[in-house]
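Participant: Got a structure for you, written out below as structure tokens; questions coming shortly.
The values are calculated or read from the model by the stated rules, or taken from the named source; none is laboratory data. Because the structure is a prediction, the values reported are computed rather than measured. With ideal geometry, Cβ positions are generated from the backbone for all residues, glycine too; neighbour counts draw on all protein chains shown.
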Amino acid sequence: MSIIQEFKDAYKGKVQLPSEELLTKTTGLMQDGMRARAMGDYIPPEALGDARWTDELILSTWYMAETGEIPEGLNYKTGKSDGGFDRLDFKYLPESDWLEHSDSITTKLDLNRRGDAKNKLTTDIPWYGGGMSYGSVSVNVMMSRARNAARWNSFMSTGEGGYPSQLMECKENVITQVATGYFGVEEETIQAAPIVEFKYAQGAKPGLGGHLLAAKAGEEVAKLRGSVPFVSLFSPFPFHSTYSVEDHSKHLDWIETVNPTALLSVKVSTPHDVDMVAVGSFYAGAHIIHLDGSYGGTGAAPEIAKKNIAMPIELAIPKVHKFLQAEGVRDRVTLIASGGVRTADDIAKAIALGADGCVLGTTDLVGLGCTRCSNCEGGPSGRGCPWGLTTTDIELQEWVQPDWAAERLNNLYTAMQYRLRDILRQLGLSDVSELRGRTDLLRYMGKDEAARAAGKAAGIGLEEIE
Amino acid sequence: MLDSTTGDAALAASSALTLDRFGAESARIGRELADQYHRYHIETEEVDDVDPLPHRFLVEVGKFGLAKFIVSELFHYGLKPDVILSRPCTYGVFSGPVGGFHPLPKLCVGCLRCTVQHPDFVKVLPNPKRVALGDSYTTHGHIAAIDEESKKGLVPVRGQGYRGRFGGPGFDGMLTDMSEIVRPSRDGIHGRELIGTSVDIGTKPMHLSFDEEGNLQGKIPNMFTIQVPFVFDVPPGDLGTAKLAKVLDSTSKRIDTLACMKAADVIERGMDSPNIVPVIPKEKPEMVEMFPAARLIELDGWDKDSLDAARLATDALIGVRICFTEGWQDRLMKAVNNRVDVVHLNADLHGRGFDDGRFISDLLKEAHMLLIEKGCRDMVTLIGAGGLVSADHLPKAIISGLDAVALDLPVLFALQGRSHGSLVDREQVRGTLPKKMTQEWAEQRLTNLCASWRDQLLEILGAMGIREARRLRGEFGRSMIVNHLEDEAFEGIEGYVSGGVI
């Protein structure tokens, strides 16, 4: 190809696998820029942030991913949403009663509380990675999350989109998902998984199923999902084979037949009767009940569904926790919360409200550079995330190299675990499990105090979000 | 139909109804019925902007910094075109002939990659002109959403989760419920499975009476059906131009709904037709005679004498517009007790009652419950307006008790109009529509908006497992109020006060 033609192609932005030089240049600029922004070398970008993820929260997450430490001078605890986690704080003990900061403060999470013969799984941290399917994110992102999960003796979920073969290197830490479209559900991957997750619904689009826009359903994605390339895919909510707890139980039995040792997780959203749903799932045989609140992330969802359908996770956790207690089964099931859980402080608050642990999704992506611009589904370019996160575009996905990304996630988790221990010791607790349901250790901040706590939060203000 | 009334014995014998014949005949009838069936659908088509909103973002590039960067690139990468021509934007902001020296902010989606890659010379800022659109209630976010819906006619779909405040005032404090199981599928609700959005306008009889021979006694109920639970309201303020009236007329015909207009305008413009609802001053009930084609005529305010006079002069349904001012409950009950067919309730454009400032959802619930308690809810159709500026407000208003919603400001913004000044008082609204607006363009924009809002209503109904918009009316149990949920969740937590407003 002539140099002139090369220039013409480059000018037209012809998409191809990036050359070594281009990869080095682009990733170098992105990584240097993220570092400079996180370190405060420049003022926060004026258009960064929203009420839930303020500019400071995004930059502090970048800082933690960069350094493995808690930032000074940036609010890393709360957003500016004026409710839920952002209005809650802890009633810390006087400093004289604080425990020493120590690795002996336990942050482990037991996932099998049924006392049956299945896997006895314990994570080192009370959170794991939520489902983000192949197609909604690149395989590089999945690999980085899986490798990080392995480091933390934790897990990440494949989401509903199949199990890329590369993930097999981390199979002990990969949860596979069975959702309403049954995309990519294979016997061998179910057999490989320590936990199998049934996704009934997703918090950001409860009752609407999954949606992968055509632009992101490329050749490889379609192959794993058993579909036609570049055709929009709907995961057609609900499970059409489930009309009762008994039907639900049959689902779980089916997985047990295929993989007798796997733990069974049931992911549901948060309707008004979520407490009944949770109890039903327990009696059907679930080890983990995973509640996904309405402020959760998504690769694509109708705007009307976000927020308007079902309830935020902060409001669902105590409802379910109390109901499971009243039913006398609370200690036999692990209650996991997700959907709007952003920080170590959010995790601690969720646990104090009654959860055992949390699932993170958006936090991982923010740690890798996400600015929450909401173009994950393809955006006007049709190519997906310009940061290379929520895309399968052959060029863009290369901006996130698994080793670099896994290292950032490891740093982020290190800082988050540190912060979680900091909270526990200031409450006089030496084990995160002691925090569960301790609403007596929480306090509700006044409006002004919460606003002050949120920091200056420049960028697009609360009332100005589009 | 299978005719069972033929008396001819021979014919009856020769055409005895065998099982085979019954099957064939049933199949034939089924085919005939299927051929007649027309599935309601709103045809959408993406239309270009004629007066686009200000861009979301401004992009500022330091020329010196960029020049310095390019020189350094040339030095490092020489003639490697893929490297030196690579841009930090996949949306084309820097794709013009001179790249970053003349960025194209209209293409910017705010991913901010450029500001991270080049923090020393690229800035992306929210556009203050965009942020200044609307007011504190009808925000630029609402206007941008309406603009997008009217352009494409689709349900807006985006990545990432919710970005706004936790709960909030007004409709933001109301959530809709969903069902984990037993409901239509999402692809089904826009396709093979039917969720009805039609609404009956008029009075339903509370019971039917028959004489000894089984014939229906009394007057057959006078009612009709529209296909969507929203109508176009009288354009507020100075927006009621002849040009806009024509657009409302043709669009309401196209999607099978109604358009309310001032009676004098209907007469002046010769627009009397079944889809137009003339609104006549209550002092001039005799005007109803001038609208022989109208199916529904509204009196602008409650007055028994006016109602009686109007009823004598027309066979059309009679509606009464009632504002949420002091004594509205009394006027509502009097109107219903006097067999008004439709009550059109109005709050201000921020959705507040005129006296007590209560939000429209609470006022509608009170109106709905008042009628339920008196056992006469089905005797009247409730239409409501005020503060309904977003697709989610439609199901929430229906849950609060309305049969149908009346659209006011969304029409202005669907047509890329601009408001000037207050968006609180209907009479004080001042706005302009684009000069380049054509009838065809405007009708398609408004049609697209209606299709998008209807489809979003289907999403909400689908998530609940409700198959008819009519069944959503007054279903408070299908909503969750954030304040109530907070009370349940945070009760006992130190510092928590119901409502959280401290």
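Participant: Going by the structure shown, is A:Lys205 at the interface with another protein chain (Cβ under 10 Å from one of its Cβ atoms), at negative phi, in contact (Cβ under 8 Å) with a residue 24 or more places away in the chain and among the charged types (D, E, K, R)?
Facilitator: The answer is yes for A:Lys205.
Participant: Considering only residues that are at the interface with chain B (Cβ under 10 Å from one of its Cβ atoms) and charged (D, E, K, R), look in segment A:296-341 and name the one that is nearest to A:Tyr128 (Cα to Cα).
Facilitator: Residue satisfying both the conditions and the ranking: A:Glu314.
Participant: Quick one: A:Trp62 ticks every box in (1) within 14 Å of chain B (Cβ to nearest Cβ); (2) aromatic (Phe, Trp, Tyr); (3) touching a Gly at 6+ places or on another chain (Cβ under 6 Å) bar one, so which box is it?
Facilitator: Among (1) within 14 Å of chain B (Cβ to nearest Cβ); (2) aromatic (Phe, Trp, Tyr); (3) touching a Gly at 6+ places or on another chain (Cβ under 6 Å), the lone unmet condition for A:Trp62 is (3).
Participant: Right, something else. Starting from residues that are under 26 Å from the mean Cα position of the chain (by Cα) and buried (at least 20 other Cβ atoms within 10 Å of the Cβ), keep the ones in segment B:480-502 and report whichever is nearest to the other protein chains (Cβ to nearest Cβ).
Facilitator: B:Met480
Participant: Identify the residue in segment A:47-59 that is more than 12 Å from A:Thr343 (Cβ to Cβ) and not charged (D, E, K, R) and, among all such residues, is farthest from the other protein chains (Cβ to nearest Cβ).
Facilitator: A:Leu59
Participant: Starting from residues that are surrounded by fewer than 18 Cβ atoms within 10 Å (Cβ to Cβ) and touching a residue at least 12 places away in the same chain (Cβ under 8 Å), keep the ones in segment B:468-478 and report whichever is farthest from the other protein chains (Cβ to nearest Cβ).
Facilitator: B:Arg470
Participant: Right, here's the next one. Kindly indicate the residue of segment B:149-170 that is within 14 Å of the chain's Cα centre (by Cα) and part of a helix (DSSP H, G or I) and also nearest to the other protein chains (Cβ to nearest Cβ) among those meeting that condition.
Facilitator: Only one residue fits best here, namely B:Glu149.
Participant: Being more than 10 Å from every other protein chain (Cβ to nearest Cβ), surrounded by 24 or more Cβ atoms within 10 Å (Cβ to Cβ) and not in a loop (DSSP other than H, G, I, E, B) is the filter here, so list the residues in segment A:272-295 that pass it.
Facilitator: Listed by number, the residues that qualify are A:Ala278, A:Ile288, A:Ile289, A:His290, A:Leu291, A:Asp292.
Participant: Looking at B:Glu73 and the list (1) under 30 Å from B:Thr438 (Cα atoms); (2) of a type in the set (D, E, K, R); (3) within 12 Å of another protein chain (Cβ to nearest Cβ), which single condition is not satisfied?
Facilitator: (1)
Participant: Something else: So how many residues does segment B:251-280 have that are under 29 Å from B:Arg471 (Cα atoms) and in a helix (DSSP H, G or I)?
Facilitator: Residues flagged as under 29 Å from B:Arg471 (Cα atoms) and in a helix (DSSP H, G or I) within segment B:251-280 amount to 5.
Participant: Which of the residues that make up segment B:175-208 are modelled with pLDDT of 75 or more and within 11 Å of chain A (Cβ to nearest Cβ)?
Facilitator: Scanning segment B:175-208 gives B:Leu175, B:Thr176, B:Asp177, B:Met178, B:Ser179, B:Glu180.
Participant: May I pose another question? Within the bounds of segment B:254-264, is there any residue that is in contact with a helix residue (DSSP H, G or I) (Cβ under 8 Å, 6 or more places away or on another chain) and of a type in the set (Val, Ile, Thr)?
Facilitator: Within segment B:254-264, one or more residues are in contact with a helix residue (DSSP H, G or I) (Cβ under 8 Å, 6 or more places away or on another chain) and of a type in the set (Val, Ile, Thr).
Participant: In segment A:51-81, which residues are under 29 Å from A:Thr334 (Cα atoms) and crowded, with 19+ Cβ neighbours inside 10 Å?
Facilitator: A:Arg52, A:Trp53, A:Leu57, A:Thr61, A:Met64, A:Ala65, A:Tyr76, A:Lys77, A:Thr78, A:Gly79, A:Ser81
Let's see how each residue does on (1) closer than 19 Å to B:Gly384 by Cα; (2) in contact (Cβ under 8 Å) with a residue 12 or more places away in the chain; (3) surrounded by 13 or more Cβ atoms within 10 Å (Cβ to Cβ):
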{"position": "B:His207", "(1), (2), (3)": "no, no, no"}
{"position": "B:Leu216", "(1), (2), (3)": "no, no, no"}
{"position": "B:Ile220", "(1), (2), (3)": "no, no, no"}
{"position": "B:Ile226", "(1), (2), (3)": "yes, yes, yes"}
{"position": "B:Asp238", "(1), (2), (3)": "no, yes, yes"}
{"position": "B:Leu248", "(1), (2), (3)": "yes, yes, yes"}
{"position": "B:Val266", "(1), (2), (3)": "no, yes, yes"}
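Participant: Given B:Glu326, B:Glu286, which one is out of contact with any Ser or Thr (no Cβ under 9 Å at 6 or more places or on another chain) and more than 24 Å from B:Gly240 (Cα to Cα)?
Facilitator: Of the residues listed, the single one that is out of contact with any Ser or Thr (no Cβ under 9 Å at 6 or more places or on another chain) and more than 24 Å from B:Gly240 (Cα to Cα) is B:Glu326.
Participant: From the set of residues in segment B:136-169 that are in contact with a Ser or Thr (Cβ under 7 Å, 6 or more places away or on another chain), in contact (Cβ under 8 Å) with a residue 40 or more places away in the chain and over 27 Å from B:Phe94 (Cα atoms), which is surrounded by the fewest Cβ atoms within 10 Å (Cβ to Cβ)?
Facilitator: Checked segment B:136-169; the qualifying residue surrounded by the fewest Cβ atoms within 10 Å (Cβ to Cβ) is B:Leu154.
Participant: Any residue at all in segment A:56-64 that is under 18 Å from B:Thr115 (Cα atoms), of a type in the set (Phe, Trp, Tyr) and modelled with pLDDT under 95?
Facilitator: No, segment A:56-64 has no match at all.
Participant: Considering (1) crowded, with 16+ Cβ neighbours inside 10 Å; (2) among the charged types (D, E, K, R); (3) at pLDDT below 90, say which one B:Arg56 fails and leave the rest.
Facilitator: (3)
Participant: Within segment B:399-413, identify whether any single residue is assigned to a helix (DSSP H, G or I), within 12 Å of another protein chain (Cβ to nearest Cβ) and closer than 19 Å to B:Asp177 by Cβ, and answer yes or no.
Facilitator: yes
Here's the yes/no breakdown for (1) of a type in the set (A, V, I, L, M, F, W, C); (2) within 14 Å of chain B (Cβ to nearest Cβ); (3) not in a helix (DSSP H, G or I):
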position	(1), (2), (3)
A:Asn153	no, no, yes
A:Gly184	no, no, yes
A:Glu220	no, no, no
A:Leu252	yes, no, no
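Participant: Still on this structure, please answer the following. Output the residues belonging to segment B:399-424 that are in contact with a helix residue (DSSP H, G or I) (Cβ under 6 Å, 6 or more places away or on another chain) and of a type in the set (Gly, Ala, Ser).
Facilitator: B:Ser400, B:Gly401, B:Ala414, B:Ser422
Participant: Still on this model: Looking at A:Gly384, A:Gly455, A:Gly378, A:Gly459, which one is more than 30 Å from B:Gly92 (Cβ to Cβ), in a loop (DSSP other than H, G, I, E, B) and modelled with pLDDT under 95?
Facilitator: Unique residue meeting the criteria: A:Gly455.
Participant: Scanning for something over 20 Å from the mean Cα position of the chain (by Cα) and in a loop (DSSP other than H, G, I, E, B), does segment A:358-365 turn up at least one residue?
Facilitator: Within segment A:358-365, not a single residue is over 20 Å from the mean Cα position of the chain (by Cα) and in a loop (DSSP other than H, G, I, E, B).
Participant: Kindly indicate the residue of segment B:102-135 that is of a type in the set (Val, Ile, Thr) and over 18 Å from B:Ser419 (Cα atoms) and also farthest from the other protein chains (Cβ to nearest Cβ) among those meeting that condition.
Facilitator: By that ranking, first place goes to B:Val122.
Participant: Out of (1) closer than 30 Å to B:Ile220 by Cβ; (2) assigned to a helix (DSSP H, G or I), the odd one out for B:Ile383 is which?
Facilitator: (2)
Participant: Does segment B:343-365 contain at least one residue that is under 30 Å from B:Ser273 (Cα atoms), more than 17 Å from the chain's Cα centre (by Cα) and either part of a helix (DSSP H, G or I) or of a type in the set (Gly, Ala, Ser) (or both)?
Facilitator: no
Participant: Applying the selection to segment A:71-110, what residues are assigned to a helix (DSSP H, G or I), of a type in the set (Gly, Ala, Ser) and within 14 Å of chain B (Cβ to nearest Cβ)?
Facilitator: A:Gly84
Participant: Of the numbered conditions (1) surrounded by 24 or more Cβ atoms within 10 Å (Cβ to Cβ); (2) at pLDDT below 95; (3) more than 24 Å from B:Gly161 (Cα to Cα), A:Asn173 satisfies every one except a single condition; which is it?
Facilitator: All conditions are met except number (2).
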